[in-house]
Amino acid sequence: MFTNTINPRGLKPTPQQISASIDFPVRRLDLTFSDEIPEFWFANNAFLTCFLAALSSAFPDGERQFIHSVRNYQSQIEDPILSKQVRAFIGQEAHHGKEHDQLNDLMRKRGYPIDRIYKRFKKMNKMMQQTFSHSHQLASTVCMEHLTAIMADYFISKNTLDLDKFDTCLRKIWAWHAIEETEHKAVAFDVYQSLVNRPYFLRLVMLETTFFFMFITSRGTLELLKHSGQSTNLKNWNVGLRFLFGRNGLVRQISQDYFDFFALDFHPWQHDNRVMAEQLKRKYQII
């Protein structure tokens, strides 16, 4: 639950105070997706549907890696509030993987090479666990949590009407995922700050994480788009690229929030979007 906590003197709370005040649940949606859902379920656009499907195909194993990296430090956490948040973080991420597996199955049934992307992420995460230190794995999770949080905030507070571009049967899974990424956006960061606290290393890992995220997501999008038969459709490309890179596009809208991460006093709750997230929860009856 999001609260409008203030400090004893009635001043605006610090990001750390906001973070410590947030108590969030583990939700089970148990969604199913009908075969009647249109093939291009976001904005009726092949490019954007394949972009989001590429993200969805990466979520199950990606979420498992996030859980693994935080669990490496779970027994060392002494703060009871953070310890409780870590348990809820693990529960939420586990259900994200489960629900997106259902969406991925819908794409598999239609012949899309979802498993190719899925296996690529599984191989990459296995490599990380075998070669990266625990602190490097946790730093990577912190960085990915920031990327997912600012993309979630695009739908929560920057361009809320874009959720309506999803097919009606898919709006709730994406709204729910955006809300939960917001609820737990500071958990991995707070664990890192309390038990590792290497700020310069964390910023270097963000550059590494951003590169691999962009490369793997772009590759997956192109593979799925090729299967759709729309890879040479210029109208699809035009609409998709304007959504991502246009004047009011996703990349421009989240760019400042992305670069805020590199300030040494950064904390995820500097971007306080609790009010808008609560509005979205009421709209989609996510409790």
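The values are calculated or read from the model by the stated rules, or taken from the named source; none is laboratory data. Predicted, not measured: the structure shown is a model, and the values here were computed from it. Cβ atoms come from the backbone with ideal geometry, glycine included; neighbour counts cover every protein chain shown. Side chains included, ligands, DNA and RNA excluded: accessible areas come from the protein's heavy atoms. Shrake-Rupley method; radii C 1.70, N 1.55, O 1.52, S 1.80 Å.
Quick notes
- Taking 26 Å as the limit for the C-alpha separation, the pairs Lys98/Lys126; Lys123/Lys158; Lys226/Lys283 exceed it in the case of Lys123/Lys158; Lys226/Lys283.
- The range 146-276 - percent relative contact order, Cα under 8 Å, separation 6 or more: 36 percent
- Placing unit charges on each Cβ (+1 for Lys and Arg, -1 for Asp and Glu) gives the range 40-284 a dipole about its Cα centre, and among Thr232, Leu207, Asn125 the Cα reaching farthest toward its positive end belongs to Thr232.
- Accessible surface of the chain, 1.4 Å probe, proportion on carbon and sulfur as whole %: 56 percent
- Placing unit charges on each Cβ (+1 for Lys and Arg, -1 for Asp and Glu) gives the range 40-284 a dipole about its Cα centre, and among Leu244, Tyr192, Phe42 the Cα reaching farthest toward its positive end belongs to Phe42.
- Centre separation in Å (Cα based) which lies between the range 192-222 and the range 94-129: 20 Å
- For Val196, nonlocal amide neighbours, meaning residues 5 or more places apart or on other chains whose placed amide H falls under 5 Å from its own, do not occur.
- Coupling constants for the range 133-148 follow from the phi torsions by the Karplus curve (6.51 cos²θ - 1.76 cosθ + 1.60, θ = phi - 60°), and in residue order they are 5, 4, 5, 5, 5, 5, 4, 4, 5, 4, 5, 5, 5, 5, 4, 5 Hz; glycine and proline get x.
- Accessible surface, per residue, of the range 212-286 when the full set of protein chains is kept, probe 1.4 Å, Å²: 60 Å²
- For the range 42-47, the Karplus equation 6.51 cos²θ - 1.76 cosθ + 1.60, evaluated at θ = phi - 60°, returns couplings of 10, 6, 6, 10, 5, 4 Hz by residue, with Gly and Pro reported as x.
- Per-residue ³J(HN,Hα) for the range 226-231, Karplus 6.51 cos²θ - 1.76 cosθ + 1.60, θ = phi - 60°, Hz, x for Gly and Pro: 4, 5, 5, x, 10, 5
- Under 5 Å between amide hydrogens, built in the peptide plane, is the criterion, and for Phe166 it picks out Ala43 among residues at least 5 positions away or on other chains.
- Counting every pair of alpha carbons in the chain, the share spaced more than 37 Å apart comes to 10 percent.
- The ellipsoid that matches the Cα gyration tensor of the range 197-287 has semi-axes, each √(5λ) in whole angstrom, of 29, 22, 13, with the longest given first.
- Helical runs (DSSP H, four residues minimum) scored at -39500 (n - 2.57) apiece and divided by the length of the chain put the mean residue ellipticity at 222 nm at -22000 deg cm²/dmol.
- Each Cα pair under 8 Å and six or more residues apart adds its separation to the average, and for the chain the resulting relative contact order is 28 percent.
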